[in-house]
1. For the pair residue 114 and residue 100, how long in nm is the line joining their label points, each one 7 Å along Cα→Cβ?
2. By the scheme Lys and Arg +1, Asp and Glu -1, what is the net charge of all other residues having a beta-carbon under 14 Å from that of residue 93?
3. With each pseudo-label sitting 7 Å past Cα toward Cβ, what's the residue 107-residue 8 distance in nm, one decimal?
4. So, counting K/R as plus one and D/E as minus one, what does the shell of residues with Cβ under 13 Å around residue 69 add up to?
5. Report the local net charge at residue 119: Lys and Arg +1, Asp and Glu -1, summed over other residues whose C-beta lies under 14 Å from its C-beta.
6. Multiply the residue separation of residue 68 and residue 21 by 0.36 nm, subtract the distance between their alpha-carbon atoms, and state the gained length in nm to one decimal.
Amino acid sequence: MEKLGINVYLLGLQILHFVLLLVLLRALLYKPILGFMQKRTEQIRSSMAEADKVRQQAAAERATLESQIAEERRTSQDRLRQAVARGEEAADRRLAEATAEAEQLLARARAEAEQTRAQALAGMQNDIAELALLAAGKVLGEAIDAGKHRKLVDGFLSQKLGELA
């Protein structure tokens, strides 16, 4: 190989250096870098697994909270319905009481009006009887027996006023 200009001793020495360099690089750089890369890959996997676990826990917690919120809404709506029902019942009671009171007032007013009417009719009966006696006396030109005439007029007026009542 000398003819080609290659020194075999130097070539062997360079091959030996190259192999030593490969062994050293493999021992000092390649294995630590490969170990570091495997370790980093494992950390990433565990972080991803942890993130998935946290995501699942968050989803479960969210579902729990949403169900609690829905339950609270139902409870508050039930309470609101009950309060509205109680309010309506109270309003109905007040309305019934007011209606009963109005009916009592109306009945009292009717009774008072009937009593006033009866008193007015009784007063009018006496006045009409007196006027009838006076008119009959003037027409006949003589005095009529007041007691007998009074009985006739009272009977007639009682009958006619009774029909009006």
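1. Here the answer is 2.2 nm between the modelled labels.
2. Values: positive: 86, 94; negative: 88, 89, 92, 97, 101.
So the environment of residue 93 carries a net charge of -3.
3. 14.4 nm
4. Details: positive: 62, 73, 74; negative: 61, 66, 71, 72.
Every neighbour counted, the sum reads -1.
5. Details: positive: 117; negative: 112, 114, 127.
Charge balance near residue 119 sits at -2.
6. On the way: separation 47, 0.36 × 47 = 16.92 nm, distance 6.77 nm.
Result for the pair: 10.2 nm of gain on full extension.
Every number here is computed from the coordinates shown, using simple stated rules; none is lab data. None of these values were measured; they are calculated from a predicted model. Cβ atoms come from the backbone with ideal geometry, glycine included; neighbour counts cover every protein chain shown.
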